[in-house]
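Asker: Got a structure here, written out as structure tokens. Questions coming.
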Amino acid sequence: MSYLVGENMTGGYGAADILHGCNIIAEKGEIAVIVGPNGAGKSTAMKAIFGMLNIHTGSILLDGEDITTLSPQARVAKGMAFVPQTSNVFPTMSVEENLEMGAFLRRDDISKTMDEVFDLFPILKDKRSQNAGELSGGQRQQVAVGRALMTQPKVLMLDEPTAGVSPIVMDELFDNIIEVARTGITILMVEQNARQALNIADKGYVMVQGRNKFTDTGQVLLNNPEVRKSFLGG
Amino acid sequence: MEDLLNAFFLMSNFVFVPAIAYGSQLALGAVGVTLVYGILRFSNFAHGDIMAFGTMVVILFTWLFQSYGINLGPLPTAILALPFGIIATAIFLLGSDKFVYKFYREKKAVPVTYLIASVGIMFVLNGIVRFIIGPNDQRFADGERFIIKAKAMKQYLGTAEGVSIKVSQGLTVITAVIVVMALFWFLNKTRTGKSMRAFSDNEDLALLSGISPDKVVSVTWILVAILATIAGTLYGLDKSFKPFTYFMLLLPIFASAIVGGLGNPLGAIAGGFVIAFSEIMITYPYKKFVAYIVPGDWKPDGLVQLLATDYKFAVSFIILVLVLLFKPTGIFAGKSV
């Protein structure tokens with residue numbers, strides 16, 4: 001029984017459908033990566049799984065439960081966490097307040113989770129009282145991911161987490177993602193840096209024009225000549 | 001030396017003390033406006049009339065208490081009536097949100113639509129207040145009038161000038177300090193307050209974090225009711241209550257909020273004092289003050305007044321225009337208008 005299933009998803013933002021029978025599946029503790037050219041529907045597929053987009057056909061299942069009709073806030077309560085690509089922190093609030101807001105739905109003691117986030121991102125601990133808007137791009141991404149982790153989610157969805165981030169920080173970010181997955185959290189990631197993303201992926205989904213083109217493990221896709229020609233530059 | 005002391009007393013009596021009181025009243029009003037702008041993201045043009053409505057309810061209950069012989073000794077009876085005014089205003093605002101603003105929120109209207117809707121609410125409140133209490137001046141202050149009387153001070157110190165501080169002025173400053181401290185504690189230390197700041201900062205992310213938009217909206221309106229009623233009552237105790245005057249206060253209140261930076265409560269407070277001091281200092285006739293400071297034959301003939309007091313509101317307007325032209329985000333860099 002797969003943990004997170006988005007099956008046969010068809011829908012769009014308005015009249016025109018962007019997704020056509022798209023299937024995304026991730027097992028517990030797996031890292032699933034969605035790659036593809038611009039306009040392929042990668043972010044759209046993830047937003048559909050999170051409920052920010054209405055699909056008229058298909059369903060989303062979390063741990064066997066059908067959550068297709070739930071609002072995004074309700075899905076957060078079910079254990080999903082979403083890190084948007086842009087505007088993903090509260091800029092006038094401190095790092096610590098950002099993390100507190102991430103844990104808003106929780107009524108229990110959050111200090112242990114906050115310590116875990118600070119262990120994962122040590123630099124945030126140094127800057128805990130600084131406003132999130134004053135941090136560099138890479139540190140802001142860490143705050144954004146940390147904020148999402150505060151709900152102790154079962155599924156963490158990241159929309160292009162390495163967009164606009166330097167190569168070294170990108171490596172660090174991917175290392176952190178692997179560490180998070182190791183704690184048993186399922187990761188679903190949309191990425192433009194296809195090569196590096198597929199390198200750490202247990203499952204890779206190549207999407208073209210709203211449809212699944214290739215689905216396999218990350219390593220197999222990296223070695224697939226067609227995939228390499230289309231997106232990885234040979 | 002004695003002349004300088006007299007000059008200082010003169011300025012304190014006619015400029016500093018009134019400006020601090022007026023500034024506190026504007027500050028409380030401006031914080032209400034800035035909260036609505038920052039959290040609900042529109043300019044609430046009904047704010048002056050909301051103050052009038054709240055003060056009207058306070059006045060009615062004050063008269064009721066006075067008729068029963070209930071009073072607070074040296075302090076104005078209006079303080080006892082404040083909670084009633086706040087509750088009535090809160091009910092009205094929550095109702096106006098449910099029947100007016102919510103409709104536009106569901107349609108995802110642009111901010112200017114809410115602004116026009118607030119103008120509509122302003123007219124409705126205009127009518128309600130005049131209908132219930134009439135358009136004329138109402139005085140409802142009772143209790144002691146002065147903390148310090150200029151005459152008593154002159155006699156005691158033997159100076160030509162003295163400073164008088166009215167109970168209403170002292171009350172204004174103390175109340176404003178308490179209210180502001182309470183508001184900042186609420187916004188910075190409580191879960192609900194932080195969620196409202198988060199909602200103001202990044203609405204989509206706040207929704208994703210599970211913050212309920214309905215609760216944020218309701219709490220915002222309740223805060224506005226508290227701030228507007230207190231500001232209106234303090235202003236009415238200090239000067240007098242006349243519905244038209246409260247409508248006119250909209251200009252200096254908005255000027256204060258914009259000067260301080262829209263969306264920033266600290267800025268609104270600073271803006272309130274900037275506007276109050278500017279209004280009073282620019283329209284004050286400095287003749288007597290100058291006469292105390294300069295040597296004998298330099299005494300001025302004219303009033304040495306930059307602008308007549310009729311033009312007080314022109315001062316706010318000019319400052320508003322200058323700020324919008326040169327630094328639209330205000331002193332504390334709030335959201336741009």
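The values are calculated or read from the model by the stated rules, or taken from the named source; none is laboratory data. Given the structure is predicted, the values throughout are model-derived calculations rather than measurements. Don't worry about glycine lacking a Cβ; one is built from the backbone with ideal geometry, like all the others, and counts go over all protein chains shown.
Asker: What helices (runs of 4 or more DSSP H) lie completely within the stretch A:89-174 and have 1 or more residues being of a type in the set (Phe, Trp, Tyr)?
Answerer: Working: elements: A:95-102, A:111-120, A:122-126, A:137-149.
Hits in the stretch A:89-174: A:111-120.
Asker: If residue A:177 passes every condition in (1) under 24 Å from residue A:2 (Cα atoms); (2) without any contact (Cβ under 8 Å) to a residue 24 or more places away in the chain but one, which one does it miss?
Answerer: (2)
Asker: Okay, moving on. Restricting the search to the stretch B:101-116, which residues are among the aliphatic types (A, V, I, L, M) and either exposed (fewer than 15 other Cβ atoms within 10 Å of the Cβ) or under 25 Å from the mean Cα position of the chain (by Cα) (or both)?
Answerer: First pass over the stretch B:101-116, keeping only residues among the aliphatic types (A, V, I, L, M): B:109-110, B:112, B:115-116.
Passing the criteria: B:110, B:112, B:115, B:116.
Asker: Also, quick follow-up: Kindly state which helices (runs of 4 or more DSSP H) lie completely within the stretch B:7-121 and contain at least 2 residues that are touching a helix residue (DSSP H, G or I) at 6+ places or on another chain (Cβ under 7 Å).
Answerer: Numbers: elements: B:17-35, B:47-67, B:78-96, B:102-106.
Result: B:17-35, B:47-67, B:78-96.
Asker: Run down B:44, B:6, B:71 and say which single residue is of a type in the set (S, T, N, Q), more than 19 Å from residue B:145 (Cα to Cα) and in contact with an Asp or Glu (Cβ under 8 Å, 6 or more places away or on another chain). Can you show your working first?
Answerer: Working: B:44 fails: in contact with an Asp or Glu (Cβ under 8 Å, 6 or more places away or on another chain); B:71 fails: more than 19 Å from residue B:145 (Cα to Cα).
B:6 is the lone residue from the list that is of a type in the set (S, T, N, Q), more than 19 Å from residue B:145 (Cα to Cα) and in contact with an Asp or Glu (Cβ under 8 Å, 6 or more places away or on another chain).
Asker: Continuing with this model, one more query. Quick test of your reading of the structure: residue B:135 fulfils all but one of (1) of a type outside the set (A, V, I, L, M, F, W, C); (2) surrounded by 15 or more Cβ atoms within 10 Å (Cβ to Cβ); (3) part of a loop (DSSP other than H, G, I, E, B). Name the failing condition by number.
Answerer: Residue B:135 satisfies every listed condition except (2).
Asker: Still on this structure, please answer the following. From A:29, A:51, A:36, grab the single residue that is modelled with pLDDT of 85 or more, within 17 Å of the chain's Cα centre (by Cα) and within 14 Å of chain B (Cβ to nearest Cβ). Give the steps one after another, and end with the answer.
Answerer: Details: A:29 fails: within 14 Å of chain B (Cβ to nearest Cβ); A:36 fails: within 14 Å of chain B (Cβ to nearest Cβ).
Result: A:51 is the single residue among A:29, A:51, A:36 that is modelled with pLDDT of 85 or more, within 17 Å of the chain's Cα centre (by Cα) and within 14 Å of chain B (Cβ to nearest Cβ).
Asker: Need a quick list: helices (runs of 4 or more DSSP H) entirely within the stretch B:143-239 having at least 3 residues that are within 14 Å of chain A (Cβ to nearest Cβ).
Answerer: So the answer is B:167-189, B:191-201, B:203-208, B:213-238.
Asker: Which condition breaks for residue A:195 when tested against (1) in a helix (DSSP H, G or I); (2) surrounded by fewer than 18 Cβ atoms within 10 Å (Cβ to Cβ); (3) at pLDDT 90 or above?
Answerer: (3)
Asker: Also: Is it the case that residue B:254 is touching an Asp or Glu at 6+ places or on another chain (Cβ under 9 Å), modelled with pLDDT of 90 or more and buried (at least 17 other Cβ atoms within 10 Å of the Cβ)? Outline the logic, then answer.
Answerer: Numbers: touching an Asp or Glu at 6+ places or on another chain (Cβ under 9 Å): no; modelled with pLDDT of 90 or more: yes; buried (at least 17 other Cβ atoms within 10 Å of the Cβ): yes.
So residue B:254 does not fit the description; no.
Asker: I've got another one for you. From the list B:36, B:17, pick out the single residue that is closer than 21 Å to residue B:265 by Cβ and among the hydrophobic types (A, V, I, L, M, F, W, C).
Answerer: Details: B:17 fails: closer than 21 Å to residue B:265 by Cβ.
Within the list B:36, B:17, the selection yields B:36.
Asker: I'm told residue A:185 meets every condition in (1) surrounded by fewer than 20 Cβ atoms within 10 Å (Cβ to Cβ); (2) closer than 24 Å to residue A:132 by Cβ; (3) out of contact with any Ser or Thr (no Cβ under 7 Å at 6 or more places or on another chain) except one. Can you identify the failing condition by its number?
Answerer: Status for residue A:185: all satisfied but (1).
Asker: Same structure, new question: Using beta carbons and a limit of 6 Å, which pairs, at least six apart or on different chains, have the first residue in the stretch A:78-101 and facing another protein chain (nearest Cβ under 7 Å) and the second one of a type outside the set (S, T, N, Q) and assigned to a loop (DSSP other than H, G, I, E, B)?
Answerer: Matching pairs, first to second residue: none at all.
Asker: What's the number of the condition residue A:105 fails, among (1) among the aliphatic types (A, V, I, L, M); (2) in contact with a Gly (Cβ under 6 Å, 6 or more places away or on another chain); (3) more than 9 Å from chain B (Cβ to nearest Cβ); (4) surrounded by fewer than 18 Cβ atoms within 10 Å (Cβ to Cβ)?
Answerer: (3)
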